[in-house]
Amino acid sequence: MIDKVTEERIKLLHPSVRDEVSKIICDCNNLLTGKAKLRISQGLRTFKEQDDLYALGRTIKGKKVTNAKGGQSVHNYGFAVDIVLIIDGKTASWDVAKDWDDDKKADWMECVEIFKNNGWAWGGDWKNFKDLPHFEKKGFNDWKQLSKLPKDENVYVII
């Protein structure tokens, strides 16, 4: 029930949340009975990848997509994911209102509810700079605390 792209991205998340994220994705995909299935579009990011995203709209032409520099994102520690709906196995959609399975509730919001019920904070609830595809594990969503923790041999923070 999880596509290969999502499986590979889950393998890079912090080991403590991999099984949980797999279960959440399966729960979402089991609930979505129409054309849409959930995919993780972003998981773990290196500090360099984060710095490159931060440069967009600042030193690189484009729209600002983040306010976080390398080390200042929960993605950098493997405790955050961004999602996208894949329609008919091929088209990406970030439409938060579409009800692909005709059950009178937006597919995106059905997934938001599942993430929240499993202890994940949603970027759509943020007061400033709403980030609708973004979820981060509550209790592990303070990059300042995460940055101070020691790391294991695979460079994951030790919790």
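The values are calculated or read from the model by the stated rules, or taken from the named source; none is laboratory data. All values derive from a computational prediction rather than experimental measurement. Here Cβ is always computed from backbone atoms with ideal geometry, including for glycine, and neighbour counts include all displayed protein chains. For accessibility, only protein heavy atoms count, side chains too; no ligands or nucleic acids. Shrake-Rupley method; radii C 1.70, N 1.55, O 1.52, S 1.80 Å.
Could you report the stretch 97-159's accessible area per residue, 1.4 Å probe, as an integer in Å²?
That works out to 62 Å² for each residue.
Per residue, what accessible area does the stretch 1-87 have, given a 1.4 Å probe and all protein chains present, in Å²?
Ligands and nucleic acids excluded, the figure is 49 Å² per residue.
Between ASN67 and ASN117, what is the label-to-label distance in nm when each label sits 7 Å out along the Cα-to-Cβ direction?
Here the answer is 3.1 nm between the modelled labels.
Would you mind pulling out the separation of the Cα centroids of the stretch 1-23 and the stretch 100-159, in Å?
14 Å
Pop a pseudo-label 7 angstrom from the Cα along the beta-carbon direction at both LYS127 and THR91 and give the gap in nm to one decimal.
Placing both labels 7 Å beyond Cα along the Cβ direction yields 3.8 nm.
Work out the length of the dipole vector of the chain about its Cα centre, built from +1 on the beta-carbon of each Lys and Arg and -1 on the beta-carbon of each Asp and Glu, and round it to the nearest 20 debye.
Charge dipole of the chain: 680 debye, to the nearest 20.
Out of the trypsin sites (Lys or Arg not before Pro) in the stretch 96-159, which ones are loop residues according to DSSP with at most 10 other C-beta atoms within 10 Å?
Passing sites in the stretch 96-159 are LYS104, LYS127.
For the chain, take the longest principal axis of its alpha carbons; what is the angle in degrees between that and the long axis of helix 18-31, to the nearest 10 within 0 to 90?
Taking Cα atoms only, the helix is inclined about 20 degrees.
Given the pairs LYS23/LYS63; LYS11/LYS138; LYS37/LYS127; LYS4/LYS151; LYS105/LYS138, which span a C-alpha to C-alpha distance of over 31 angstrom in this model?
The answer is LYS23/LYS63.
Which of the following values of Cα extents along the principal axes in Å was calculated from the structure shown: (i) 71, 30, 29; (ii) 61, 33, 31; (iii) 46, 36, 29?
(iii)
Going through the stretch 1-104, which chymotrypsin sites (Phe, Trp or Tyr not before Pro) have at most 14 other Cβ atoms within 10 Å and a DSSP loop state?
TRP94
May I ask you to give the percent of accessible area on the chain that is carbon plus sulfur, with a probe radius of 1.4 Å?
Using a 1.4 Å probe with all protein chains present, the chain comes out at 54 percent carbon and sulfur.
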